[in-house]
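Enquirer: Supplied in structure tokens, the structure appears directly below.
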Amino acid sequence: MATIQETCSVCSGAFDIQFRYQMEERDGGFSFYCSQKCLEKSHRGGAGAESDLATCDACAKRFSPELVSQVLYVGGRRHYACSLGCRSQLIREANGVRLGDIAAADISPPANEATPAPTSVTSPAVAVASGPAALPLRPALGRREPAVAVSTTPPATGKRERITPTAPKASEGVPRYLAVFNHKGGTGKTTTSVSVAAGLAAKGKRVLLVDTDAQGNVSVSLGATAERSLYHVLVMGLRVADATKTVRPNLDLLPSNETLAAAELYLAGRQNRDRVLQERLASAAAGYDYVVLDCSPSLSLMNQNALVFADSVLVPVACDYLSLVGVRQVIKTVKNVNALLHHPVQIWGVLPTFYDARAKICREAVTTLKSHFGERCLPPIRAAMKVKEAPAQGQTIFEYAAGTHAADDYQVVVDTILASREATAGGKATAAASQSPPAEAAATA
């Protein structure tokens, strides 16, 4: 893994970051430590007998930090706990439990568990069911926080502050931040991600292609190599611009490799662990016309982050029975993201892949998808050997086999994305124009 050279915040010496403890996010920035000794010195605040003591954030006692468990990070800030009891109290406070509840509790729960009020899980069900489309609720996707109700139900005792999504909301079905996602493997997610991103870039749109799969197949498909990856952005706080690489005109790639698997551990320790990707990419993504995220075939924390960042989901579905079964889980996952994580992501399109008109199962699969999804079911991608050969040459299907059926089919997907956005923009302009004459007439009168 490539390293990043920084200057130690304690001794000012230059060093290469190799371990997670060597960098710390605090006060809106990062501090760097060349050794464990400098890290411990920063914990104590300097030199001298008095500065060797820290103040417990739970009981205000002055003590000398000697154990790893006595230093913890909550909400991006460093906190000190003189004992395990104080550590448990700080974690419970961060999880939304009030001080009065902590003082009244006879038995402290484990330090790694939240203590929401019993009604904090049921209140969102009432709020969601009262909306225009009742969504079946499932257990939260790995989050400790209780879901937040959006109805008039009185707030629960242990309810936390609502988190407002910063990523743009889906605008009338127009995909701008598009996650290519399916729980089932082997459905053509990476090929679809690369082809859609390359097709949009060829149309003059600025596109950011993000590989959120630790296999790193997007880089291979484009014949690109990179020293820095999504791991450095998520875990080390590297700027997105310093980790991306321009692989085609108008197309930037934020690659991944096997180190991304370690990022799962980092995400698991974050308070808002399903919104880390959103926090890191939001400002940089605003400079692109489209962002395409290639997701892995699993329901991991990384995929949760991708879905919370995206405004739309494109689901490649291989024309076979098992892939059709997998679509059910995708629908449930998207509903959970909407209802439990409070992010308005939607299934923009379902894309049949590996379509062979001669095979009965392929025809039946497309018919089934059309009957369930209607216009959201896109024209199928016809099976072709050129699609499998293109990654070996480090080329997109448009470069390797332009004019083939598969290239034409992916071009239809690209044109549909562009047309949907143009149609929405035209619809808004028409609506604005239709309202202007009455306003002018009123002014004249």
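The values are calculated or read from the model by the stated rules, or taken from the named source; none is laboratory data. Since the structure is predicted, the reported quantities are computational estimates derived from the model, not experimental observations. A quick note on method: Cβ atoms are made from the backbone with ideal geometry, for glycine too, and the neighbour counts reach across all protein chains shown.
Enquirer: From the list 210, 235, which residue is of a type in the set (A, V, I, L, M) and crowded, with 24+ Cβ neighbours inside 10 Å?
Expert: 210
Enquirer: Residues that are among the aliphatic types (A, V, I, L, M) and more than 17 Å from residue 206 (Cα to Cα): does segment 236-248 have at least one?
Expert: yes
Enquirer: Let me ask something else. Within segment 219-241, track down each residue that is over 21 Å from residue 272 (Cα atoms) and part of a helix (DSSP H, G or I).
Expert: 219, 220, 221, 241
Enquirer: Could you list, ordered by first residue, the pairs with Cβ atoms under 8 Å in which the first is in segment 186-212 and in contact (Cβ under 8 Å) with a residue 24 or more places away in the chain and under 17 Å from residue 349 (Cβ atoms) and the second is of a type in the set (Phe, Trp, Tyr) and part of a helix (DSSP H, G or I), at least 6 apart or interchain?
Expert: 192/410; 195/398; 195/410; 196/410; 199/398; 199/410
Enquirer: Now for a separate question. For segment 175-218, which residues satisfy the criterion of being assigned to a helix (DSSP H, G or I) and among the aliphatic types (A, V, I, L, M)?
Expert: Correct list: 194, 196, 197, 198, 200, 201, 202, 218.
Enquirer: Let me ask something else about it. Looking at 325, 330, 276, 291, can you tell me which residue is touching a Lys or Arg at 6+ places or on another chain (Cβ under 9 Å), within 25 Å of residue 18 (Cα to Cα) and of a type in the set (Val, Ile, Thr)?
Expert: On inspection, the qualifying residue turns out to be 276.
Enquirer: If the requirement is being surrounded by fewer than 19 Cβ atoms within 10 Å (Cβ to Cβ) and in contact with a strand residue (DSSP E or B) (Cβ under 9 Å, 6 or more places away or on another chain), which of these qualifies: 370, 332?
Expert: So the residue among 370, 332 that is surrounded by fewer than 19 Cβ atoms within 10 Å (Cβ to Cβ) and in contact with a strand residue (DSSP E or B) (Cβ under 9 Å, 6 or more places away or on another chain) is 370.
Enquirer: Still on this structure, I have one more. Look through 282, 226 and report the one residue that is over 19 Å from residue 194 (Cα atoms) and among the aliphatic types (A, V, I, L, M).
Expert: Going through 282, 226 in turn, the sole match is 282.
Enquirer: Another one. Let me spell it out: the conditions are (1) at pLDDT below 90; (2) within 26 Å of residue 388 (Cβ to Cβ), and residue 247 meets all of them except one. Which number is the exception?
Expert: (1)
Enquirer: Any residue that is in the same structural domain as residue 300 (by TED's automatic domain parsing), surrounded by fewer than 16 Cβ atoms within 10 Å (Cβ to Cβ), under 17 Å from the mean Cα position of the chain (by Cα) and within 16 Å of residue 303 (Cα to Cα) - is there at least one of those in segment 241-263?
Expert: Within segment 241-263, one or more residues are in the same structural domain as residue 300 (by TED's automatic domain parsing), surrounded by fewer than 16 Cβ atoms within 10 Å (Cβ to Cβ), under 17 Å from the mean Cα position of the chain (by Cα) and within 16 Å of residue 303 (Cα to Cα).
Enquirer: Does any residue in segment 250-274 that is at positive phi come within less than 7 Å, Cβ to Cβ, of a residue that is in a helix (DSSP H, G or I) and modelled with pLDDT of 85 or more six or more places away or on a different chain, and which pairs are these?
Expert: From segment 250-274, the pairs are 250/201.
Enquirer: Next question. Scan segment 213-229 residue by residue and report those that are among the small types (Gly, Ala, Ser) and either free of Cβ contacts under 8 Å to residues at least 60 places away in the same chain or more than 16 Å from residue 353 (Cβ to Cβ) (or both).
Expert: Of everything in segment 213-229, those that are among the small types (Gly, Ala, Ser) and either free of Cβ contacts under 8 Å to residues at least 60 places away in the same chain or more than 16 Å from residue 353 (Cβ to Cβ) (or both) turn out to be 214, 216, 219, 223, 224, 226, 229.
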